[in-house]
Amino acid sequence: MANYPASLLILNGKSAGDELLRQAVSLLREEGVAIHVRVTWEKGDAARYIDEAHALGVETVIAGGGDGTINEVATALIALPDANRPALGILPLGTANDFATSAGIPESLDNALQLAIVGKATAVDIARVNDETCFINMATGGFGTRITSETPEKLKAALGGVSYLIHGLVRLDTLKPDQCEITGEAFHWQGNALVIGIGNGRQAGGGQQLCPNALINDGQLELRIFTGDELLPALLTTLTKPEESPNIVDGQSAWFDITAPHGMTFNLDGEPLSGEHFRIALLPGALRCRLPPDCPLLR
């Protein structure tokens with residue numbers, strides 16, 4: 001592997017003490033592979049490291065962490081000029097790893113690292129919200145967002161993705177829909193939404209397939225709304241037999257405008273954004289990502 005160009009690994013601080021990862025990096029370096037490692041401590045670190053990656057001239061920036069780390073790295077990458085933009089590699093080290101799982105990234109550290117360094121770089125889409133922030137996987141709104149943002153860290157660490165569902169069932173007393181209006185290309189809906197999923201990727205919340213048909217290189221966002229009429233039956237039907245639920249509205253568009261007169265919160269790959277108006281627009285093929293050849297998210 002010594003002939004392969006240099007990479008910079010941006011590692012979430014929570015994973016900095018991972019001994020297996022340290023060994024895997026050391027082994028690759030012994031084989032002559034150049035890997036620079038930087039550890040994030042606070043928000044904004046990833047953007048600084050991307051500038052450093054640009055100065056170093058690396059071919060790949062590897063996001064080592066969960067969905068939030070991948071999103072932060074991807075968002076910083078698209079701020080670089082096209083001609084100098086390194087490819088994105090993914091090393092799944094988070095709790096849920098929704099994007100990495102649905103993209104078919106290997107769970108084994110060794111295999112994931114190898115893919116991140118030498119895998120084929122494929123152009124993928126990324127979504128921009130209100131011209132300022134981005135998501136590569138999914139924006140979720142409504143009850144599901146409140147559950148994801150409120151689930152205690154200790155519960156996440158102990159139970160992984162299942163923790164979101166458990167915490168959600170415990171908090172059913174807080175269940176209330178968001179009133180909103182959503183428009184897109186040949187799409188319009190207005191009403192009470194229990195959960196909204198706008199997917200470039202397919203799953204969120206630790207394995208919940210909110211947008212099961214989404215692809216990351218088709219220039220389209222998938223929309224799924226769980227409507228908020230008769231809340232508890234709607235939620236239970238949706239969780240157990242989504243294909244039979246009368247409470248599901250689906251749409252597809254390169255952009256969506258969402259207006260919520262009483263305000264609502266969207267979770268953008270783990271990062272909350274609150275407001276009364278959201279403009280979500282896809283940037284087609286804006287990023288090159290090293291993915292497995294049989295990646296389910298590619299058309």
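One table, with the values for the structure above:
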| item | result |
| --- | --- |
| Around Leu210: net Lys/Arg minus Asp/Glu count, Cβ-Cβ under 10 Å | 0 |
| Within-13-Å neighbourhood charge of Ala63 [Cβ basis; K, R +1; D, E -1] | -2 |
| Other-chain or far-sequence residues with amide H under 5 Å of Thr227's (modelled H) | Leu194, Ile248, Val249 |
| FRET efficiency, Ser26 to Leu56 (Cβ-Cβ, R0 25 Å, nearest 0.05) | 0.80 |
| Spin-label model distance (nm) - Lys120 vs Ala16, 7 Å beyond Cα toward Cβ | 3.8 nm |
| Added length on full extension, which subtracts the Cα-Cα distance from 0.36 nm per residue, Lys176 to Ser108 | 20.5 nm |
| Efficiency of FRET from Cβ geometry, Arg48 and Ala6, R₀ 25 Å, rounded to 0.05 | 0.90 |
| The stretch 45-87 - convex hull of alpha carbons, volume per residue in Å³ | 60 Å³ |
| Overall form of the stretch 1-133 per C-alpha gyration tensor (a/c, 1.5; a/b vs b/c) | rounded |
| Amide H contacts under 5 Å for His36, placed H, 5+ residues apart | Ser7, Leu8, Leu9 |
| Net charge of neighbours whose Cβ lies under 13 Å from the Cβ of Thr122, counting Lys and Arg as +1 and Asp and Glu as -1 | +1 |
| Nearest-0.05 FRET efficiency for His277 and Ala79, computed from C-beta distance (R0 30 Å) | 0.80 |
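Where a number appears in this text, it was derived from the coordinates with a stated rule and is not lab data. What you are looking at is a predicted structure, and each value in this text was computed from that prediction instead of being measured. Reconstructed Cβ throughout: ideal geometry from the backbone, glycine too, with neighbour counts over all protein chains shown.
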